[in-house]
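Inspection log for the structure reproduced underneath, given as structure tokens.
Nothing in this text is a laboratory measurement; each read-out follows from the coordinates by a stated rule. These figures come from a predicted structure and were not determined experimentally. Here the Cβ is made from the backbone with ideal geometry for all residues, glycine too, and neighbour counts use every protein chain on show.
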Amino acid sequence: MTWVKICGTTNLEDALTAVDAGADALGFIFYEKSPRRIDPETASGIVFQLPPNVEKVGVFVNESPARMIEIGRRAGLTAFQVHSGALATKTDPQAGWYPGPGIRIYLALPAAPFFEQNIQWVPSGRGLADPVEGIAAIFLDSGTEQRPGGTGATFDWEKAAPVIASMSQDTHVVVAGGLNPSNVCDAIRILHPWGVDVASGVEARPGKKDPKKVREFVQAVRRAEKSA
């Protein structure tokens, strides 16, 4: 099944709605400039009322490893989504960047440079049993250096399809950026990702989810799986 993450969770009502709809993971944003930012104490109050099988993902942008680990412990996170390749690849305990057993690391990258600047993804040959640099999945989105996420815009899926196919030989790939209940089926059909990630596409306003859109999004993903 396609892994589904509902990101930008700021309150318990929205979190429980996403879980009830069938989400596999919830995202909590700790980036100061995001309108969906949450503090560790509020996140903790939500996290500890969620089922253990639902991933609790902290979203960080250019944050120090020590700070991420601190927030992760305070909030009860089970995964880190890191918008910084230099930090995300330092998973060696000897390097001082090891979040602890059972914590997944997701690396978020902008998709456009791969097909606009001809940056090549070279498969390592290790395969999914030994993912690249300890990364559990790579998130590809429409973010930029100035705005790392939450753009509400899609990237060019057709141009990105070969890149994602190559990446998928090494690690899981999650598609993000501009997804909503109306277009997620097309994203899955074109890109065949391991997972999808949505925030603004299921909101009533920034930081507040629309329950109907959340349910429609998950239902659309499940329909797309059946027709794949």
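Worth a mention:
- With the simple spin-label model, which puts each label point 7 Å out from Cα in the Cβ direction, the R222 to C185 separation comes to 1.5 nm.
- In this label model, K212 and N11 are separated by 1.8 nm, measuring between points 7 Å along each Cα→Cβ vector.
- Between the amide H of A79 and those of K56, G58, R104, distances stay under 5 Å, these residues lying 5 or more places away or on another chain, with hydrogens modeled in the peptide plane.
- Pair A204, Q169: separation of 7 Å Cα→Cβ label points (nm): 4.7 nm
- Reachable lysines from K5, criterion Cα separation under 22 angstrom, eight or more residues apart if same chain: K33, K56, K208, K209, K212, K213, K226
- Neighbour net charge for L191 - beta-carbon separation under 13 angstrom, K R +1, D E -1: -3
- Each Cα pair under 8 Å and six or more residues apart adds its separation to the average, and for the stretch 4-81 the resulting relative contact order is 30 percent.
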